[in-house]
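Here the structure comes first, spelled out in structure tokens, and everything after it is commentary.
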Amino acid sequence: MRLMAFIAFFGVFLSQGFAVTFHEPVSKISFTYDENLWEVVPTKTNEKETLVNLQRKVADKEGETSYFSRISIVKENTTQVKKVQTSKLPKLQAYESHAVEFLRSQRFDILSAEMKKIEGIPAGAFEIVANQRDFGLTYQQLGFLNGDTAYLLTATVRTKKFSEYKAELEKIFQSVRLAS
């Protein structure tokens, strides 16, 4: 019995021990990810609105090509988005519509677009899942607002691996917090 209790405790400790929380102090955004699977990689100099880039530590291989699945958070000033400023829809829905239109203009097939409740984002969020047919990638994107700033948490995975990573990505998305 003592051994079972020790194993149960140790298992919980291990599963919690691998989680790392990314926290961006200016935007007050945080989310949790498994540091054994993901690592922070530098942003490129032209990505000045990117808050963080993560990539899987191990690439997915298909034949002779490799692809590192990625997660990023970018921000955009919604006052610069004409569709949001001129829409009669609530701002979050107008921004979701803008995001869907942008993805379609980049040759994405939209698989789903829906409003979503995330505990750490009181004002609500939307989620878009889309395939980029030219590159064989699936994007899962969580969008939310804080005042006039839109934030997009985007995971990019090979389409053939998306169902395998879906539960892991959902845990990351559900862990997003926006402090007031």
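The values are calculated or read from the model by the stated rules, or taken from the named source; none is laboratory data. Quick caveat, the model's predicted, so the values are computed rather than measured. Every residue, glycine among them, receives a Cβ derived from its backbone with ideal geometry; neighbour counts consider all protein chains shown.
Just give me the residues in region 47-105 being within 20 Å of Phe126 (Cα to Cα), polar (S, T, N, Q) and in contact (Cβ under 8 Å) with a residue 40 or more places away in the chain, in sequence order. Selection gives Ser72, Asn77, Thr78, Thr79.
Table: residues versus (1) touching a helix residue (DSSP H, G or I) at 6+ places or on another chain (Cβ under 7 Å); (2) buried (at least 19 other Cβ atoms within 10 Å of the Cβ).
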{"residue": "Ser97", "(1), (2)": "yes, no"}
{"residue": "Arg104", "(1), (2)": "no, no"}
{"residue": "Arg107", "(1), (2)": "no, no"}
{"residue": "Gln132", "(1), (2)": "no, no"}
{"residue": "Leu145", "(1), (2)": "yes, yes"}
{"residue": "Thr154", "(1), (2)": "no, no"}
{"residue": "Ala167", "(1), (2)": "no, no"}
{"residue": "Ser175", "(1), (2)": "no, no"}
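Filter region 33-87 down to the residues that are more than 24 Å from Phe144 (Cβ to Cβ), exposed (fewer than 12 other Cβ atoms within 10 Å of the Cβ) and hydroxyl-bearing (Ser, Thr, Tyr), then identify the one that is modelled with the highest pLDDT. Of everything passing the filter in region 33-87, Ser66 is modelled with the highest pLDDT.
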